[in-house]
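The values are calculated or read from the model by the stated rules, or taken from the named source; none is laboratory data. The structure displayed is predicted, hence computed values, not measured ones. Quick reminder, even Gly has a Cβ in these numbers, built from the backbone with ideal geometry, and neighbours come from all protein chains shown.
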Amino acid sequence: MFERFTQDARSTVTGAVAEAERTGAQRVGEEHLLLALLTLGALDPLGVDRAAISADLAAARRRGGMSKADEEALSGLGIDLTEIVSRIEETHGEGALSDPAPRRRSGRPRFSPGAKKVLEQSLRIALGRKDRHISTLHLLLSLLSRPGTPAEVLAEHGVTYAGAEAALPG
């Protein structure tokens, strides 16, 4: 499958691995793919604020990966997730909920099941569009088509599947 990836798409995948390694994550997740797309500038034509998206992803990590929808659901039950995170961080230090598990001995983080599905979905999207190669557009569309923090953060910044498909070259 990787032989179909454009150079920018390959750079995104290697950038995601580098981002996971930089943060000490055991697995390369969907958020690492989004961060790599941001670093590469693949979302710049959409007018996104790189720093704001990165900050929102960091905030989600601080919440232990819980989405805003999760936070709202807990709030409906009278549970203040922000307060819980604050108390945990008072006791265990900032970022305690996002503290990565120890890395395997080989040193390289593996791809999470979600990140693997993003890569597989990008191939399906490319084939559905009758594109011969998998580009950063296909990776972004795949992230947008899956539920989770990356799609939620992008939606909060006005990035939609249809908007990305219309604005970005394939």
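Every residue, every condition in (1) at pLDDT 95 or above; (2) in contact with an Asp or Glu (Cβ under 8 Å, 6 or more places away or on another chain); (3) farther than 18 Å from ALA151 by Cβ, yes or no:
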site	(1), (2), (3)
VAL13	yes, no, yes
ALA16	yes, no, no
THR23	no, no, yes
GLN26	no, no, yes
LEU34	yes, no, no
LEU38	yes, no, no
ALA52	yes, no, no
LEU57	no, yes, no
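Somewhere in segment 83-93, is a residue touching a residue at least 40 places away in the same chain (Cβ under 8 Å) and of a type in the set (Asp, Glu)? So far as segment 83-93 goes, no, none of its residues is touching a residue at least 40 places away in the same chain (Cβ under 8 Å) and of a type in the set (Asp, Glu). Just for segment 102-119: of the residues that are in contact (Cβ under 8 Å) with a residue 12 or more places away in the chain and out of contact with any strand residue (DSSP E or B) (no Cβ under 8 Å at 6 or more places or on another chain), which one is farthest from THR6 (Cα to Cα)? Here the residue is PRO102. Out of curiosity, is ARG124 more than 18 Å from the chain's Cα centre (by Cα) and modelled with pLDDT of 95 or more? For ARG124, the condition - more than 18 Å from the chain's Cα centre (by Cα) and modelled with pLDDT of 95 or more - is met.
Residue by residue through segment 60-81, note down the ones that are surrounded by 14 or more Cβ atoms within 10 Å (Cβ to Cβ) and assigned to a helix (DSSP H, G or I). Explain how you work it out, then say what you get.
Taking segment 60-81 first, the residues surrounded by 14 or more Cβ atoms within 10 Å (Cβ to Cβ) are 60-68, 70-71, 74, 81.
Within segment 60-81, ALA60, ARG61, ARG62, LYS68, ASP70, GLU71, LEU74, LEU81 meet the criteria.
Each residue in segment 11-63 was checked for being closer than 18 Å to ALA115 by Cα and without any contact (Cβ under 8 Å) to a residue 60 or more places away in the chain, and 13 of them qualify.
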